[in-house]
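Data block below; observations after.
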Amino acid sequence: MTSISRLIAEPIIRACVLFLFVALVFAVSAVFAGVVVDATTMFSVLQNFAMIGLVALGLGLTVLIGEFDLSVAGMFILGGCVAVIVGSNGPVFGLAVAVLIGIAGGIIQALLMIRLGLNSVAITLGGLLTFTGIAHVLTESKSVLFNDLSVALAMNVPVLGVFSLRSLITIACFLAGGVLITYTRIGRDIVATGSNRHAARVAGVSTSHMLVGVFAVSGALAALSGALLSFGLSAASPTGLSNVMIPAIAAVILGGGSLSGGVGHPIGIAAGVLVLAIVRSGLTVLGVSPSVHEIVTGALLLVVAILDGPALGERLYQFKSMVTLRVGSI
Amino acid sequence: MSPKYFWVERLMAFRPRLWISTHGALLPLGLALLLLTAMFTPGFLSAPNLLSLVNTASVIGCVAVAMMLITISGNVLSFALGVTTGCSAMMFAWLTGYESGLLATVGALVFSTVVTGFQGLLIGLFRANPIIVSIAALGLMTGAAELISQGSMIYASGSQLQGLNDTFWSVPASGWVLLALVLLADFILRFTRFGRNIVMLGSNMTAAKAAGISLWRTTVGVYALAGLFSGIAGILLAARYNAGSLEYGIGYDYSAIAAVLVGGTFIGGGEGTALRTLAGLVVITGAGAILLLHGVSTEYQFLFTGLVLLVAVLVQGR
Amino acid sequence: MMPVIEARNISKNFGRFQALRNVSFSAAPGEVHALCGENGAGKSTLVKILTGVLQPDDGQTLIGGEVHGIADTQHAQALKIGYVSQELSIAPHLSVLDNVWLGCRGVPLLHRRNELRERARRALNLVGLAHLSLERRAGTLALGEQQLVEIARMMVRDVAVLFLDEPTATLSDREIECVFSAIRELRRNGKTMIYISHRLGEVMDLCDRVTILRNGENVISTDVADISRGKLVEHMLGRSLSEMYPQAGGMSSVGALEIRGLMVPGKIRGLDFAVPRGKILCLAGQMGSGATEAVRALAGLVHDATGSVVLDGMPLKLGSVHTLLERNMRFVSEDRAGEGLFLNLSVEENFAATQFDVVRRFGLLLPAPVRELAERLADIVTVNPDRLRSRCGDLSGGNQQKIAIGRCITPGSGILLMNEPTRGVDVGARAEIYALMRQLCDQGYAVVMTSTDLEEVVGLADMVLTMYRGARVSLYGRDEISASRILLDITHPLTYENAA
């Protein structure tokens, strides 16, 4: 019994259990609604997974190290715009430039943060606005179209029935992240830095290198994700900041990450993203309007924010003792 | 200290509080630069331009004062104040259908106060992360407003609050409203117990708790106040355009936080005044207008806000 | 013999506070060298300079006879210098194995190797943690076990010089024995160890040489065999106890504060005591004994504390700071920067922070009454009134502590709860703070405090309640207090452990 509760307390396991539960609920409700669950449904789930997955992974790594990268949403947009504009000389080149810009943006932010001893939220808020601003300037605040439609087709054509190039890249990144955190020294140092930064520094971990690396990866993943999506849509636009930010944060916390740092794992985050992808595809299949998606994701985020609150346990304790007191007096 | 020198000392003490703060080093520089460029920008100091500038700035200013309260209380910033402004403008426009300006005003203000105060409740009670709560509120409110209004604009019927578009002593009413809010906010922060609690909470939350300040009450209070101010901004917007739309509040959060930071409010909380936020707002909107007059296109405005915000944050570093 | 590590004429300032003045130190290979001194004597600063955590303002560090700067902790590791710090440096979310190897140079990228596991196992066995699973999460270990894991971390690194900053402060008897045997084993292998401790018994037993610092200056450096215990104390203090501590007052009456059955899950298992007005009760116990927690619980800061508290015959609700303020029960935290003061607010705002009811006029907080109150309190606690408008963080630790106490002075006399009243306070201000506490007691205050500084406990307290692992060991009145008894109680609770 205790071993089961300890397993559930493990963030990855908790996220996976949640994923299975949500999948089951939607499968059952699909059966009752008379909707057929087939490869197409799976494909749409994985496409949604690919859309927020990489942003969530990058954000999740910064949460794991005890920081918070707000700029991923801006880098997501900038990456998409850059890839489409530069991509006219070849999509791979566009992708590479976008990723390089992502890495550079992440490194600059991390260096400023460390050198000036500033809070990551403050710096990345500036980054968020600056990156979006650059995207606005590059596109002159208009949607830009990508003319090579074959790229969009290649991005979205089903591979092995349920995957696409985008979702395969996303899955590969998650697996690489999982290996990095679980099996390498760098992963161990990242967790140590998030767990107790002072202790890690005293022990000899170069915490600033870890921070710079994590922010570079976070920027790169956000830019890559934006570029892939823009190629998939054959268009990029500098608006729509919150479209990716809300689900990405929700996925990280649903996936077992905690803003206090040191907790979280790429596999858990993947499970969190899958939960949101299933909810999104499920709602689409059930035919509700897109604004309901936003409400559901927002409500989910609110719930996980409360669950992550450090004072939750204290309040529950107070509530419990209040109830027992009341019952006792009766 | 002899009473003779009391006022001398007070006057001496007043200046540093406004201008020379560790974090507000940018402010005098920005104001001086602004004044200098304004003189060499044809058309900037013309009455119509200044009037339209005050009109735009006053609405953002109300949101900036609201944002400043949240920043001072140690909750960094909210991404939901802009959307609250938009929603309360819609609420106001919708309620004017009942032919009562009072009902519309009260309804819109109660809505914005309660919605924002509820976020404060979650943050204060569970210590949920304020940024995430505000992002969730942004999603929830955008979704709900879109669902209810079906994405269309709500037009106000009647003209109960046309007075808000008049000018008094050649300053638009919205400018007076902003000034009143600034003074009110500074009065609360400096001279009331609630205000001191906000500052202490932002300065050091653990110490505030140990000193017996109720974290959740103060947080709810500060968020409710911020919501009230955003609601007032929404009403100003609705009165100006005679309509309410979700589009109205977009981007206000970013301009507001930029004004707050340029005004030298410490991003970690516990330091800052509304008057300085107002000065920060003048720098931001003035500079934006000057850029526009010099033929810099609007795309650069976003980038400009971003860079200014980044610099304002960097100045706060050691 | 050539010293393996040496410091020459090191000086270090923190702001205006001079932590070290021309301090020299050297340790030969294969010796266990004790570094002794009171709190604030500069031991930790010297150690931090020799381990690359801090850089000296002036002076040289020598490694193996050559002048050699120590740039940072990484560099110190490359120079084979190890450091077990006083504050634990365990990453709570990582396993024991990962914590042992954390930060070690030369661990391969793919670090899950059997060889590393075995070496970690051997090191853990050596420090007496043979029973511990390598995969256990470090955050779930007891404090003493975490300390031992840290020592194991240094053992796998093959260091030549090892600094141990108060390694036994949190350990039980058995664990202390494990540390000692590990140290002796390392000495046999020719390693040098610098052992920082208050506990003179350990120094006499374990160490070969001793260097004593006082107020940031060298006092003496000698072989342990050549110095008596009494002489050691004399060198450390440099004055007699009676100069430092004020005379106890005679006022005594019925119990003002009575605590019955105070419990905190996992920390305190039922604690009863009573304090009369005019007395200082000191809860003495090591880290993890529950003494600090008890004071925090009384201050209303532990949400799951239970028990009955009666103040002046009226019951008091635990867990509500607000009620405590109304009943004039105030708390002075040991963590001034984190929990005690608002460092970026002005001194006068800090004085007024808990006294708004006193300074309120027409429901408002006007500057004049706040000023008046601050001036009055500054006068009582002897803070320079010219500094009332300064930022509180710009003042010295001693002045900050006086402000924290001044904030608690209310019109009627009350109860003062204090954790470590003189942590981070220099010796001069310390005497003033003791005098202030005694003065308040004479006015009818009762003080409940904790301290890990044994000398302070003996010198200051009217009553001492010793604690071990969340329960009371015994209670001493003024005449029965002695350092040896208290030390025995908080570290060697034989009677208690036999009973349990």
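The values are calculated or read from the model by the stated rules, or taken from the named source; none is laboratory data. Computed from a predicted structure; not experimentally measured. Reconstructed Cβ throughout: ideal geometry from the backbone, glycine too, with neighbour counts over all protein chains shown. The accessibility values were calculated without ligands, DNA or RNA, using every heavy atom of the protein model including side chains. Shrake-Rupley method; radii C 1.70, N 1.55, O 1.52, S 1.80 Å.
Using a Gaussian network for chain A with springs between C-alpha atoms less than 10 Å apart, which of these wobbles most: A:Val36, A:Val304, A:Val45?
A:Val36
Antiparallel DSSP bridges in the range C:5-238: what percent, to the nearest 5?
55 percent
Under 12 Å from a point 7 Å along the Cα-to-Cβ line of A:Thr239: which residues of the range A:127-143 have their amide N that close?
Hits in the range A:127-143 for A:Thr239 at 12 Å: A:141-143.
Per DSSP H run of at least 4 residues, take -39500 (n - 2.57); add these up for chain C, divide by its residues and hand me the 222 nm value, nearest 500 deg cm²/dmol. Present the calculation step by step, with values, prior to reporting the outcome.
Details: 19 runs with 169 residues, N = 500.
Estimated from H runs of four or more residues: -9500 deg cm²/dmol.
Could you provide, to the nearest whole Å², the per residue accessible area of the protein assembly as shown with probe 1.4 Å? Display every interim value, and only then the final one.
On the way: 46070 Å² over 1148 residues.
The answer is 40 Å² per residue.
Once Lys and Arg get +1 and Asp and Glu get -1 on their Cβ, which of A:Ala110, B:Thr265, B:Thr218 lies farthest toward the positive end of the dipole of the protein assembly as shown?
B:Thr218
Considering only protein heavy atoms and a probe of 1.4 Å, how much of the accessible area of the range C:359-498 is carbon and sulfur, as a whole percent?
Ligands and nucleic acids excluded, carbon and sulfur give 51 percent.
Please turn the phi angles of the range A:107-114 into ³J(HN,Hα) values with the Karplus equation 6.51 cos²θ - 1.76 cosθ + 1.60 (θ = phi - 60°), one per residue in order, whole Hz, x for glycine and proline.
5, 4, 4, 5, 5, 4, 4, 6
What list of ³J(HN,Hα) values in whole Hz, one per residue of the range B:185-190 in order, does the Karplus curve 6.51 cos²θ - 1.76 cosθ + 1.60 (θ = phi - 60°) give from phi, with Gly and Pro shown as x?
4, 5, 4, 4, 5, 8
What is the Cα centroid distance between the range B:251-288 and the range A:149-187, reported in whole angstrom?
Each part reduced to its Cα centre gives a spacing of 42 Å.
Could you compute how much accessible area chains B and A hide from each other, both sides summed, with a 1.4 Å probe? Nearest 100 Å² is fine. Can you show the working numbers first?
Values: alone 15800 and 16360 Å², together 28370 Å².
That pair of chains buries around 3800 Å² in total.
Charges only on Cβ, +1 for Lys and Arg, -1 for Asp and Glu: so what's the dipole of the protein assembly as shown about the Cα centre, in debye to the nearest 20? Don't skip to the answer; put the middle values down first.
Working: 81 positive and 77 negative charges, 60 e Å.
Computed about the Cα centre, the dipole is about 280 debye.
How far apart, in nm, are two points set 7 Å out from the Cα along the Cα-to-Cβ line at A:Ser260 and at B:His294?
5.0 nm
When the Debye formula is applied to the Cα atoms of the range C:140-238, each taken as the same point scatterer, what base-10 log of I(q)/I(0) results at q = 0.11 Å⁻¹?
The Cα Debye sum returns log10 ratios of -0.36.
Taking Cα centroids, how far is the range C:252-302 from the range A:196-249 in Å?
First find each Cα centre; the distance between them is then 49 Å.
Can you list the residues, at least 5 places off or on another chain, whose amide H is less than 5 Å from the amide H of C:Ser95, using H built in the peptide plane?
C:Ala138
Near C:Lys191, which lysines are there with a Cα under 16 Å away, not counting those fewer than 8 places off in the same chain?
C:Lys80
Calculate one ³J(HN,Hα) per residue across the range C:27-38 by plugging θ = phi - 60° into the Karplus curve 6.51 cos²θ - 1.76 cosθ + 1.60, and present them in order as whole Hz with x for glycine and proline.
9, 8, x, x, 10, 9, 10, 8, 10, 10, x, 5
Could you tell me what a quarter of the Cα convex hull surface of the range C:243-499 works out to, in nm² with one decimal place?
Result: 13.7 nm².
What distance in nm lies between label points placed 7 Å from Cα along the C-beta direction at A:Thr324 and C:Gln86?
The modelled label-to-label distance comes out at 3.9 nm.
Express the relative contact order of chain C as a whole percentage, based on alpha carbon pairs under 8 Å and six or more residues apart in sequence. Intermediate results must be reported in sequence, preceding the final value.
On the way: 986 pairs, mean separation 73.6, N = 500.
It rounds to 15 percent for chain C.
From the helices alone, meaning DSSP H stretches of at least four residues, give me the mean residue ellipticity at 222 nm for chain B, per-run term -39500 (n - 2.57), in deg cm²/dmol to the nearest 500.
It lands at -23500 deg cm²/dmol.
If you take the alpha carbon radius of gyration of the protein assembly as shown and divide it by 2.2 N^0.38 Å, what ratio comes out, to two decimals?
Working: Rg = 32.0 Å, N = 1148, 2.2 N^0.38 = 32.0 Å.
The reported ratio for this selection is 1.00.
How large is Rg/Rh for the range C:5-238, to two decimals, with Cα atoms and a Kirkwood Rh?
The Rg/Rh ratio comes out at 0.97.
Measure off, as a whole percent, the carbon and sulfur share of the 1.4 Å-probe accessible area of the range C:93-154, all protein chains present.
About 50 percent, which is the carbon plus sulfur part of the accessible surface.
With +1 on each Lys and Arg Cβ and -1 on each Asp and Glu Cβ, and nothing else charged, work out how big the dipole of the range B:54-250 is about its Cα centre, in Debye to the nearest 20.
740 debye
Quick one: work out the % antiparallel among DSSP beta bridges in the range C:243-499, nearest 5.
In the range C:243-499, DSSP labels about 55 percent of beta bridges as antiparallel.
Within chain B, which is the longest segment that contains none of the chymotrypsin sites (Phe, Trp or Tyr not before Pro) sitting in a DSSP loop with at most 13 other Cβ atoms within 10 Å?
On the way: sites that count: B:Phe40, B:Trp169.
The segment B:170-318 is the longest one with no such site.
Give me a single rounded figure for A:308-318: the average over its residues of other chain Cβ atoms within 10 Å of their Cβ.
Working: counts 5, 10, 4, 9, 4, 3, 7, 5, 1, 3, 3.
Across the residues of A:308-318, the mean count of other-chain Cβ atoms within 10 Å is 5.
If amide H atoms are built 1.01 Å from N in the plane of the peptide, which residues on other chains or at least 5 residues away come under 5 Å of the amide H of B:Ser78?
For B:Ser78, no residues qualify.
Could you identify which residue out of B:Ser245, B:Ser100, B:Ser255 has the top mean-square fluctuation in a GNM of chain B using Cα springs shorter than 10 Å?
Ranking B:Ser245, B:Ser100, B:Ser255 by mean-square fluctuation puts B:Ser100 first.
Could you calculate the FRET efficiency of B:Gln150 with B:Leu102 from 1/(1 + (r/R0)^6), where r is the beta carbon distance between them and R0 is 25 Å, rounded to 0.05?
After rounding to 0.05, the efficiency reads 0.35.
If I build a Gaussian network model for chain A, linking alpha-carbon pairs within less than 10 angstrom, which residue out of A:Gly53, A:Gly66, A:Gly79 has the largest mean-square fluctuation?
Checking each option, the largest mean-square fluctuation is seen for A:Gly66.
As a test of the formula, what do you get for chain A when each DSSP H run with n ≥ 4 contributes -39,500 (n - 2.57) and the sum is divided by the residue count, at 222 nm and rounded to the nearest 500 deg cm²/dmol?
About -26500 deg cm²/dmol.
Taking Cα centroids, how far is the range C:1-43 from the range A:127-145 in Å?
The range C:1-43 and the range A:127-145 have Cα centres separated by 57 Å.
Using only the alpha carbons, work out the radius of gyration and Dmax of chain B in angstrom.
Gyration radius and largest Cα-Cα distance of chain B: 19.6, 68 Å.
Using a Förster radius of 22 Å, what is the FRET efficiency between C:Thr140 and A:Tyr183 based on their Cβ-Cβ separation? Nearest 0.05, please. Please list the in-between numbers first.
On the way: r = 23 Å, r/R0 = 1.03.
Once the sixth-power term is evaluated, E becomes 0.45.
Kindly state, to the nearest 0.05, the FRET efficiency for C:Arg485 paired with C:Ala71, given R0 = 56 Å and r defined as their beta-carbon distance.
0.75
Simple spin-label model, 7 Å along Cα-to-Cβ: A:Leu116 to B:Phe194 in nm?
Using points 7 Å along Cα→Cβ, the separation is 3.4 nm.
Principal axis extents for chain A, Cα atoms only, whole Å, descending order, please.
The Cα atoms of chain A stretch 75, 59, 36 Å along the principal axes, largest first.
Relative contact order for chain B: what percent, with Cα pairs under 8 Å and sequence separation of 6 or more?
Numbers: 558 pairs, mean separation 107.6, N = 318.
Rounded, it is 34 percent for chain B.
Give the long-range amide H neighbours of C:Leu35: residues separated by 5 or more places, or on another chain, with amide H under 5 Å away, using H modelled in the peptide plane at 1.01 Å from N.
It is C:Tyr195, C:Ile196, C:Ser197, C:Thr211, by chain and number.
Calculate what fraction, in whole %, of the accessible area of chain B sits on carbon and sulfur atoms when a 1.4 Å probe is rolled over the protein chains.
Details: 9220 of 12800 Å².
Looking at chain B in its full context, I get 72 percent from C and S.
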